[in-house]
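Working notes, structure below.
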Amino acid sequence: MKKLINDPVDVVAESVAGFGAAHADIVRVVADPLHVVRRDAPVAGKVALVSGGGSGHEPLHAGYVGHGMLDAAVPGAVFTSPTPDRILAAMQAVDAGAGVLLIVKNYTGDVLNFETAAELAAAQGIDVRTVVTDDDVAVTDSLYTAGRRGTGGTVLVERIAGAAAERGDDLDAVASIAAAVNADARSMGVALTPCTVPHSGEPSFALAEDEMEFGIGIHGEPGRETLPMEAADRIVDRLLDVILPDLPFASGDRVLLMTDGMGGTPLAELYIAHRRASERLAEEGIEVVRSLVGDHVTALEMQGCALTVLRLDDERIELWDAPVQTASLRWRR
Amino acid sequence: MDVDSNWATDWVRRSADAVAAHKADLAALDRAIGDGDHGENLDRGYRAALAALDGLGDDATPADALMLVATTLISNVGGAAGPLYGTAFLKASGAAQGLDELGPSDVVAILTAARDGIVLRGKAEPGDKTMVDAWTPAVEAASAAAAAGSDVRAVLEAAAGAAERGAVDTEPLVARKGRASYLGERSAGHRDPGAESTALLLRAAAEAAADAAERRGS
């Protein structure tokens, strides 16, 4: 294992400290208990959005803290949910009295820790709503699993709900927009290589040179099956074959198409995938009106990609296009 | 003989030792069907609990020690194990409230409360291939031992043995909760790391009781 790190124990703290130094115009980093808040928090009268989860998925979530998106992000250890005391501290730091919306990816650890934090915050008089994202279509049998996982759609929920909060919507309205975006987003990913958690030093799973793991979550953890490696276009078609009928997306729909890297995929390859995904959606009569390509939800240095398709309407387009100023998404501001 | 707060603090120390000694084993089990962080996370939590023991006053009750473990694990472990074990010790502390000495039925009440807390928080059922599959047989074995008139040492010995067997028995199961559930059939053939760590913790509880009994010469 070769990594640009010091002591594995310090990976998250040192990385977040560097993030704070790089983006001091946007965020403030609190070292203990570790959380990242937007520089001008709490924003008077505004519903606050708080998200978080294990580290290793950068830029998720700290990269999305700022005007028009999150008010706070709570990074846990690598691939490990943050603890409730950190989440509570972040909620207290950003609550301006208009309430806090928690955006939680559907992973057992995240759900349990955020649930505990929400109970503690409610006991202190903070008005809390929670939206659990579960846009991943790879998991079919939700009855016998922990359910569909929160993946790329989480970024879209954070952006659109963040814009709604910035516009002045109240807590219930922001929560309802977040839940509706999650409900209309579908994602699926594929891993070409495993990744290595710094403190473990071992690859997280085994994958032969001629194999790919199809239907992964954001840690590369297995979803559907291990398949023989194929050409990019075929892989993209396989992903869309599952994504499109699931909502289902239909001819005439306007969508946002996100082609997400896993941390180790060259941008050029992501554009190859995005090209085929766009073609395929056009063939189906689905109009891609907004696109997002790059590393947005990653799994350390893993190679692979994930596609997210979100159904848009006029309001969502307006919210998507509204000013945003975060480390990783920034326009019109 | 009954046990007191010395048993509770000794349980914490022995748990910390056991988790540290088996950190790599737990990580290996978790890598097979999860994300490989269970050993590291639990070790971080128990090292913090060990450090926090120093702040426990001389007049601390077993409930105080259990509460200290609960809050320390909740704020240091993360993942799913933090809230699950944290809730377990929170409920266990509640069951021990007001008692300076714990008899066999008190120990059964503590274990039952811990198990119920885990079920409440994680919503797993027996057979889902989770730590519940170690806790449930442990509670049943402890209840049976207490009903048969065993002392605390034997009650905890029964619980530890049943938890160890329960952990082994998770091997053929297909996971239905937690990260491993995404593997479906591919989760069969691997022992659940949470059930394994439960067995380690309950073995530490039994050893602490055995040691207390020997020190008192009974």
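The values are calculated or read from the model by the stated rules, or taken from the named source; none is laboratory data. Note that the coordinates shown come from a computational prediction; the quantities given were computed from them, not determined experimentally. Cβ atoms come from the backbone with ideal geometry, glycine included; neighbour counts cover every protein chain shown. These accessible areas exclude ligands, DNA and RNA; they are computed on the full protein's heavy atoms, side chains included. Shrake-Rupley method; radii C 1.70, N 1.55, O 1.52, S 1.80 Å.
Computing the accessible area with a 1.4 Å probe over protein heavy atoms, can you report the carbon and sulfur percentage for region A:190-333?
Its accessible area is 48 percent carbon and sulfur atoms.
Kindly report the accessible area of chain B per residue (heavy atoms of protein chains, probe 1.4 Å, no ligands, DNA or RNA), in Å².
37
Which residue, A:Ala98, A:Ala73, A:Ala178, tops the fluctuation ranking in a GNM of chain A built on C-alpha contacts under 10 Å?
Result for chain A, Cα springs under 10 Å: A:Ala98 fluctuates most.
Mind listing, in residue-number order, the residues in region A:108-124 that have at least 30 Å² less accessible area with every protein chain present than in their own chain alone (1.4 Å probe)?
Checking the loss per residue gives A:Thr108, A:Leu112, A:Asn113, A:Glu115, A:Thr116.
Of all accessible surface on region B:26-149 at a 1.4 Å probe, what whole percent is carbon and sulfur?
55
Figure the gain on full extension for A:Asp233 and A:Arg290 (residue separation times 0.36 nm, minus the Cα-Cα span) and round it to one decimal in nm.
18.4 nm
With each label point set 7 Å from Cα along the Cα-Cβ vector, what nm distance links A:Glu301 and A:Ser251?
According to this spin-label approximation, the distance is 4.7 nm.
If each residue of separation counts as 0.36 nm, what is the full-extension length gain between A:Glu202 and A:Glu279 once their alpha-carbon separation is subtracted?
Value of the extension gain: 23.9 nm.
Taking a probe of 1.4 Å, how large is the accessible area per residue of region A:12-183, in Å²?
29
Pull out a ≥ b ≥ c, the square roots of the eigenvalues of the alpha-carbon gyration tensor of chain A, then state rounded if a/c is under 1.5, prolate if not and a/b is larger than b/c, and oblate in the remaining case.
Oblate is the answer for chain A, as a/c is 1.5 or above yet b/c matches or exceeds a/b.
Pick from A:Leu192, A:Leu239, A:Leu247 the residue whose mean-square fluctuation is largest in a GNM of chain A, springs joining Cα atoms under 10 Å.
So, out of A:Leu192, A:Leu239, A:Leu247, the one fluctuating most is A:Leu247.
Going by amide H atoms built from the backbone, whose H comes under 5 Å of the H on A:Val78, apart from near neighbours?
A:Ser55
Using a basic spin-label model with each label point 7 Å from the Cα along Cα→Cβ, how many nm lie between A:Val43 and A:Glu14?
3.4
Classify region A:12-183 as rounded, prolate or oblate, taking a ≥ b ≥ c as the square roots of the eigenvalues of its Cα gyration tensor: rounded when a/c is under 1.5, otherwise prolate if a/b is larger than b/c and oblate if not.
It is rounded, given that a/c, with a ≥ b ≥ c, falls under 1.5.
Around A:Thr130, which amide H atoms from residues at least 5 apart in sequence, or from another chain, sit under 5 Å from its own amide H, with H modelled in the peptide plane?
Amide H neighbours of A:Thr130: A:Leu102.
Set the Förster distance to 22 Å, then compute FRET efficiency between B:Leu120 and B:Ala144 from the Cβ-Cβ distance, nearest 0.05.
0.40
Can you give the accessible area buried between chains A and B, summed over both chains, with a 1.4 Å probe, in Å² to the nearest 100?
The summed interface area works out to 2400 Å².
Rounded, prolate or oblate: which fits region B:54-192 when a ≥ b ≥ c are the square roots of the eigenvalues of the alpha-carbon gyration tensor, with rounded for a/c under 1.5 and prolate only if a/b beats b/c?
Here region B:54-192 falls in the oblate category.
Each label point is 7 Å from the Cα along the Cα-to-Cβ direction; what then is the distance between the points at B:Ala188 and A:Ala24, in nm?
5.9
Restricting to bridges with both residues inside the protein assembly as shown, how much of the DSSP beta-bridge set is antiparallel, in percent to the nearest 5?
If we restrict to bridges inside the protein assembly as shown, about 55 percent are antiparallel.
Using a Gaussian network model of chain B with C-alpha springs under 10 Å, which one of B:Val139, B:Val168, B:Val108 is most mobile by mean-square fluctuation?
For chain B, modelled as a Gaussian network with Cα springs under 10 Å, the answer is B:Val168.
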